[in-house]
Amino acid sequence: MFLLLSILLVSVATTASFASSPRLSGISPRGVQRGVEHTLRFSGERLTDAQEVFLYDPVGVEVLEITQVDANNIDVKIRVAADCRLGEHVAQVRTKRGISDYRSFYVGALPAVAEAEPNNSIEAPQKIEQNVTVTGVVQNEDVDYYAVTCTKGQRLSVEIEAIRLGIMFDSFISLVDSKRFELASSDDSSLGNQDGLISVTIPEDGEYYVVVREASYGGNGGSQYRLHVGPFPRPTVAYPAGGPKGKEIDVAFLGDPTGPINQKLTVQDQTGFRDDLFVSDDQGITPSPIVFRPSDFENAMEVEPNNTWTEVAPATLPIAFNGIIESAGDQDYHRFSAKKGQNWDIHCYGRRLKSGLDPVINVFNATSKAHVVGDDDARRPDCYLRFTAPEDGDYFIRVRDHLNRGQADFVYRVEITSPQPTIAFSIPRVDRYSQQRQQIAVPQGNRFATRFNAGRYAFGGELVLLQDNLPPGITLVAKPMASNLNSMPVVFEAAEGAELSGGLVDLRGRHADEAQNITGGFTNTADFALGTPNNARYYGCTVDRLAMAVVDKLPFKLEMVQPQVPLVRDGSINLKIKVQRDEGFDAPINLQFPFRSPGVGTVSQVVIPQGATEGIYPMNAAGNAQVGKWPVYCIGNGDVAGPAWASTQLAELEIAEPYVTMEIKRSSVELGSAGSLFCKINHFTPFEGEAKAEILGLPPNITVPPLTFTKDTAELTFQVETNEKSPVGKHGSMFCRVTITQNGEPIVSTAGRSELQIIKPRKPVVAAAAQPAPVAKPAAPVEKPKSRLQQLREAAQNSGQKEE
């Protein structure tokens with residue numbers, strides 16, 4: 001249950017009559033002492049007409065009064081009970097117009113002391129008492145010094161809250177003595193992440209100096225901090241770091257300079273927001289909690305020596321193995337039994353316990369010592385793996401540090417459990433750096449819609465959201481989430497006369513088959529501190545309920561005209577969105593279409609112009625879009641003294657197979673000539689009347705007149721006309737668009753694709769001119785061949801002449 005707080009409104013300035021979303025950017029001071037009344041300044045945008053403050057903690061803080069300072073600031077007077085839970089508390093503001101972001105403030109045990117400048121030298125420090133919380137600011141290159149008097153042998157603890165305040169301030173703290181020797185320093189810590197802590201035993205009576213600065217000597221007016229200084233205990237981790245619910249166990253809190261703090265405690269189930277452990281003794285109480293995990297199974301504590309294979313009796317699963325990697329090179333082995341084919345989830349908790357251990361786990365066969373499976377950082381940097389036993393028998397799980405380090409408080413906890421089906425619902429972000437539309441603010445007589453994501457684990461099937469616990473006047477409209485999807489559209493509706501009220505809702509969902517007995521709740525995470533690189537998240541906050549309210553009516557309402565025809569695969573449809581405007585309201589409406597079924601696409605935004613009463617939202621379906629009837633909605637905002645959101649009703653869009661497809665033969669046409677395209681029609685769904693077929697996707701100067709056909713037409717032949725300007729070449733972007741009108745609305749699809757080639761005409765072959773015949777010359781006389789005897793006589797005669 002959340003605290004639904006009655007409040008008294010003072011100095012209320014009502015300047016607007018319609019709803020628009022408020023924003024909350026910060027709460028100051030950043031922390032308060034319990035057992036005292038305080039006034040907190042809530043700052044942001046559009047906080048006019050604040051009605052209520054939602055708190056996520058069940059007890060301890062009571063809102064007494066809300067005072068309007070101006071349109072962007074309110075003062076909230078609170079009473080903090082003496083037994084209020086220490087640590088971070090989370091709040092949201094409900095106005096008549098909407099619900100703000102959630103932000104946090106801290107509750108501490110110590111009185112606050114404000115920083116007093118100048119205090120930026122060790123020669124002129126600010127003197128403080130022990131057991132105080134100093135609130136200060138580090139400017140650029142600023143170093144703050146605080147002097148505290150201590151007694152030899154006492155414990156002195158110093159813890160800073162900086163990045164945990166939601167401020168990108170990387171703090172550094174140190175403790176020096178009167179001789180300027182440093183006793184201890186801390187930049188980061190496992191417990192506080194970028195926030196450091198120090199806890200030491202004072203060596204001598206005297207004055208000591210707590211030094212605060214930015215780690216690289218930066219800083220600015222926003223670098224605020226809360227510095228806790230006193231003899232309070234400051235362990236960093238519990239051992240064991242969890243235990244079976246309802247049982248009394250011995251717990252040692254490690255990391256304190258006085259040694260382990262041993263206590264008995266009865267393990268309680270987590271029933272509230274951030275139920276971790278605060279450690280106290282006669283010197284005080286820790287400013288921030290120690291992580292502890294209640295469980296439904298037993299603990300098994302390590303027994304040294306266990307840094308190798310041992311013959312100890314195997315543990316029976318499920319179990320939680322608890323141990324400490326105490327020295328460099330240490331590694332722990334734990335033995336368990338498993339049956340062939342059994343599935344087990346193995347989680348190793350180290351950093352998630354705020355231990356300094358960076359764990360690595362490996363599973364081995366106990367007989368052969370063969371490695372089976374292992375993991376290093378599936379949970380960054382903690383470990384997780386799914387183990388399926390390959391055979392009956394015993395197995396070892398080994399735990400070590402990634403760098404083979406070891407330390408007295410390197411605690412770990414290995415939980416081995418059978419996979420349990422779980423569901424977690426959330427609202428996906430629409431803005432990376434804000435909580436915009438992460439709340440449900442439903443205008444009177446209107447609607448608001450969002451997408452819900454669901455994380456299924458160890459099961460499949462459809463999911464449904466439950467109507468339980470909704471504020472009066474609000475109803476939820478949703479279809480079951482398909483088994484293959486992790487997102488669903490949900491519309492919230494508020495009655496016309498619904499009372500302006502709200503609360504934090506434990507929104508639940510379950511498996512569509514109630515007999516499965518699988519249920520889950522809502523969680524939401526916000527980023528409070530972002531930094532380099534790439535706006536990485538350094539600190540954030542997760543809540544477990546959904547802020548919901550009925551808010552002031554809007555001067556407009558949206559309605560989606562229910563389509564009477566399906567959107568077919570490889571097709572498109574135009575959805576009509578109507579706007580009902582109050583007289584005098586003519587602002588543009590910015591439409592969005594957040595949920596699309598698989599394979600369906602659209603544009604990111606459509607604007608209905610000023611004064612217009614309807615708009616068209618184009619949708620298209622891929623060739624593999626999932627067939628079925630899908631719930632859809634459209635959400636829009638208009639400027640009503642700021643952005644104000646409303647949605648249409650939950651309509652239905654059917655995705656269907658195409659009614660027809662075309663087999664278009666590839667064709668070629670000579671430039672400047674006419675040709676034809678032959679199409680074979682494949683019919684799948686009968687239709688009435690005539691359909692229109694158009695060839696599109698061709699370049700200019702190519703004309704293909706459209707044709708009509710009926711459900712009985714088997715073939716079409718399109719006439720292609722070209723001219724001397726038609727581009728020559730292959731045109732492969734050609735497609736056929738078919739429009740079938742049913743129920744007075746068009747069903748548009750791309751029915752087929754093909755290629756058209758425009759070719760240059762061949763040049764004509766020209767015959768060569770006839771040439772005059774050449775004049776024949778007289779033939780030379782043909783000599784008669786000489787006989788052999790004549791050839792010899794002539795040779796002898798020629799020889800005689802030469803002798804003379």
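Is there a residue being of a type in the set (D, E, K, R), in contact with a Leu (Cβ under 9 Å, 6 or more places away or on another chain) and modelled with pLDDT under 95 anywhere in the range 508-531?
No: zero hits.
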What pairs can you find where one residue is in the range 498-524 and of a type in the set (Ser, Thr, Tyr), the other is not in a strand (DSSP E or B), and their Cβ atoms are less than 7 Å apart, with a gap of 6+ or different chains?
Ser501/Pro471; Ser501/Pro472; Thr523/Asp544
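Conditions tested, residue by residue: (1) more than 29 Å from Glu326 (Cα to Cα); (2) under 33 Å from the mean Cα position of the chain (by Cα); (3) open to solvent by 10 Å² or more (accessible area, probe 1.4 Å).
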site: Gly192; (1), (2), (3): no, yes, no
site: Pro203; (1), (2), (3): no, no, yes
site: Gly206; (1), (2), (3): yes, no, yes
site: Gly222; (1), (2), (3): yes, yes, yes
site: Tyr225; (1), (2), (3): yes, yes, no
site: Arg234; (1), (2), (3): no, no, no
site: Val237; (1), (2), (3): no, yes, no
site: Pro240; (1), (2), (3): no, yes, no
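Being crowded, with 21+ Cβ neighbours inside 10 Å, of a type in the set (A, V, I, L, M, F, W, C) and more than 30 Å from Ser25 (Cα to Cα) is true for just one of Leu197, Leu175. Which residue is that? Break it down into steps so the answer makes sense when it comes.
On the way: Leu197 fails: more than 30 Å from Ser25 (Cα to Cα).
Being crowded, with 21+ Cβ neighbours inside 10 Å, of a type in the set (A, V, I, L, M, F, W, C) and more than 30 Å from Ser25 (Cα to Cα) holds for just one of Leu197, Leu175, which is Leu175.
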Within the group Val360, Val373, which residue is farther than 30 Å from Leu197 by Cα and in a strand (DSSP E or B)?
Val373
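With Ala482, Ala478, Ala389, Ala449 as the choices, which residue is surrounded by 15 or more Cβ atoms within 10 Å (Cβ to Cβ), among the small types (Gly, Ala, Ser), more than 29 Å from Val291 (Cβ to Cβ) and touching a Lys or Arg at 6+ places or on another chain (Cβ under 8 Å)?
Numbers: Ala482 fails: touching a Lys or Arg at 6+ places or on another chain (Cβ under 8 Å); Ala478 fails: touching a Lys or Arg at 6+ places or on another chain (Cβ under 8 Å); Ala449 fails: touching a Lys or Arg at 6+ places or on another chain (Cβ under 8 Å).
None of the others qualify; the one that does is Ala389.
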Restrict the check to the range 536-549 and report whether at least one residue is in contact (Cβ under 8 Å) with a residue 40 or more places away in the chain and under 30 Å from Gln610 (Cβ atoms).
yes
How many residues of the range 50-77 are part of a strand (DSSP E or B), open to solvent by less than 40 Å² (accessible area, probe 1.4 Å) and among the charged types (D, E, K, R)? The answer is 2
When (1) within 29 Å of Phe448 (Cβ to Cβ); (2) crowded, with 21+ Cβ neighbours inside 10 Å; (3) among the charged types (D, E, K, R) are applied to Arg85, the one that fails is (1)
Working only within the range 342-359, note down all residues that are over 20 Å from Ser189 (Cβ atoms) and open to solvent by 50 Å² or more (accessible area, probe 1.4 Å).
Gln342, Asn343
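Is it true that some residue in the range 282-297 is touching a helix residue (DSSP H, G or I) at 6+ places or on another chain (Cβ under 6 Å), open to solvent by 20 Å² or more (accessible area, probe 1.4 Å) and part of a loop (DSSP other than H, G, I, E, B)?
Filtering the range 282-297 for residues touching a helix residue (DSSP H, G or I) at 6+ places or on another chain (Cβ under 6 Å) gives 291.
Add one more test, that the residue is open to solvent by 20 Å² or more (accessible area, probe 1.4 Å), and what stays is 291.
Next cut, part of a loop (DSSP other than H, G, I, E, B) only: 291.
Scanning the range 282-297, I find at least one residue that is touching a helix residue (DSSP H, G or I) at 6+ places or on another chain (Cβ under 6 Å), open to solvent by 20 Å² or more (accessible area, probe 1.4 Å) and part of a loop (DSSP other than H, G, I, E, B), so the answer is yes.
Taking the criterion of being outside any strand (DSSP E or B), surrounded by fewer than 18 Cβ atoms within 10 Å (Cβ to Cβ) and at pLDDT below 95, would at least one residue in the range 35-48 satisfy it?
Quick first cut of the range 35-48, residues outside any strand (DSSP E or B) only: 35-36, 46-48.
Among the residues that remain, those that are also surrounded by fewer than 18 Cβ atoms within 10 Å (Cβ to Cβ) are: 35-36.
So of that shortlist, the ones also at pLDDT below 95 come out as none.
For the range 35-48, residues outside any strand (DSSP E or B), surrounded by fewer than 18 Cβ atoms within 10 Å (Cβ to Cβ) and at pLDDT below 95: absent.
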Take the residues in the range 318-341 that are over 25 Å from Ser189 (Cβ atoms) and of a type in the set (D, E, K, R), then tell me which one is most open to solvent (accessible area, probe 1.4 Å).
Lys340
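If I ask for residues that are of a type in the set (Ser, Thr, Tyr) and surrounded by 17 or more Cβ atoms within 10 Å (Cβ to Cβ), which ones from the range 98-152 would you list?
Answer for the range 98-152, where residues must be of a type in the set (Ser, Thr, Tyr) and surrounded by 17 or more Cβ atoms within 10 Å (Cβ to Cβ): Ser100, Tyr102, Ser104, Tyr106, Thr133, Thr135, Tyr145, Tyr146.
The values are calculated or read from the model by the stated rules, or taken from the named source; none is laboratory data. Note that the coordinates shown come from a computational prediction; the quantities given were computed from them, not determined experimentally. All Cβ positions, glycine included, derive from the backbone under ideal geometry; neighbour counts span all protein chains shown. For accessibility, only protein heavy atoms count, side chains too; no ligands or nucleic acids. Shrake-Rupley method; radii C 1.70, N 1.55, O 1.52, S 1.80 Å.
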